[in-house]
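The values are calculated or read from the model by the stated rules, or taken from the named source; none is laboratory data. Predicted, not measured: the structure shown is a model, and the values here were computed from it. Ideal geometry is used to build each Cβ from the backbone, glycine not excepted, and the neighbour counts take in all protein chains shown. Surface areas here come from the heavy atoms of the whole protein model, side chains and all, with no ligands, DNA or RNA. Shrake-Rupley method; radii C 1.70, N 1.55, O 1.52, S 1.80 Å.
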Amino acid sequence: MTTKSTENATRYAILLTLATTGMRKGELAGLTWNDLNFMQNTISITKTRDEYGVRSPKTLNSIRVINMSEELSEHLKSFKIWCIEMKKIYNVKLKDDDYVFITANLEPISSNYISKMFNALKKKHDFDRFSAHILLHTFVSILIAEGTAVTTVAKIIGDTPEMVMRVYAHSLADEELKATQILSTLIKIE
């Protein structure tokens, strides 16, 4: 059983996006449909959104355009159709400046929603530790372990190469290995 088949549309879209982009949860919560370019398979990260509102990301490096995998792009296209259908139920049209990730009652998700989602997944699947930050850390560690240049990794996650070297450039520790195994269990493409 996978997350794709056991979780709702929003939760799976969130997990897939976080796991395959290295985005932070505030960046994800701030995404609007006009930030996604399905023709070029890119995501523009220009803002963050949390309990304090919408603002610029934490650093200038955090403002960036990243590539989407074909899988993520296709899934987000399907998710957009789901959002359109959900909005039709409430006689509302989807707009380009609407937030991408919404609940079934059309509320934009918050970074708090994401934290609660991960807590529920930990409990449901009996995981010791699992969070958006662990996904980011795992994403970066895998890229580095696969030989991706630190400068490229830094550009993707919106950090400096120095910060990546300081924080992420160690070998995969047991915790990261567990997170990688959790990730592969949760996000299996069928």
Selection within the stretch 127-157 - not polar (S, T, N, Q) and not in a helix (DSSP H, G or I)
127, 128, 129, 130, 146, 147, 149
Quick count over the stretch 120-132, residues being within 25 Å of residue 57 (Cα to Cα) and free of Cβ contacts under 8 Å to residues at least 60 places away in the same chain, is 2
Testing residue 79 on (1) within 15 Å of the chain's Cα centre (by Cα); (2) open to solvent by 90 Å² or more (accessible area, probe 1.4 Å); (3) farther than 28 Å from residue 160 by Cβ, one condition comes back false. Which one is that?
(2)
Scan of the stretch 8-56 for residues that are more than 13 Å from the chain's Cα centre (by Cα) and on the phi > 0 side of the Ramachandran plot, ordered by number:
41, 53
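Yes/no matrix, rows are residues, columns are (1) more than 18 Å from residue 53 (Cβ to Cβ); (2) modelled with pLDDT under 95; (3) touching an Asp or Glu at 6+ places or on another chain (Cβ under 6 Å):
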{"position": "74", "(1), (2), (3)": "yes, no, no"}
{"position": "79", "(1), (2), (3)": "yes, no, no"}
{"position": "89", "(1), (2), (3)": "yes, yes, no"}
{"position": "93", "(1), (2), (3)": "yes, no, no"}
{"position": "102", "(1), (2), (3)": "no, yes, no"}
{"position": "111", "(1), (2), (3)": "no, yes, yes"}
{"position": "116", "(1), (2), (3)": "yes, yes, no"}
{"position": "121", "(1), (2), (3)": "yes, yes, no"}
Residue that is small (Gly, Ala, Ser) and touching a Gly at 6+ places or on another chain (Cβ under 9 Å), where the choices are 131, 111, 141:
111
If you scan the stretch 93-139, which residues turn out to be open to solvent by 30 Å² or more (accessible area, probe 1.4 Å), more than 26 Å from residue 46 (Cα to Cα) and of a type in the set (A, V, I, L, M, F, W, C)?
120, 127
Scope the stretch 16-67; condition in a helix (DSSP H, G or I), open to solvent by 70 Å² or more (accessible area, probe 1.4 Å) and either touching a strand residue (DSSP E or B) at 6+ places or on another chain (Cβ under 6 Å) or under 19 Å from residue 116 (Cβ atoms) (or both); matching residues:
25
What single numbered condition from (1) touching a Leu at 6+ places or on another chain (Cβ under 8 Å); (2) open to solvent by less than 40 Å² (accessible area, probe 1.4 Å); (3) over 22 Å from residue 54 (Cβ atoms) fails to hold for residue 145?
(2)
Quick one: which of 95, 124 is basic (Lys, Arg) and either more than 25 Å from residue 185 (Cα to Cα) or assigned to a loop (DSSP other than H, G, I, E, B) (or both)?
95
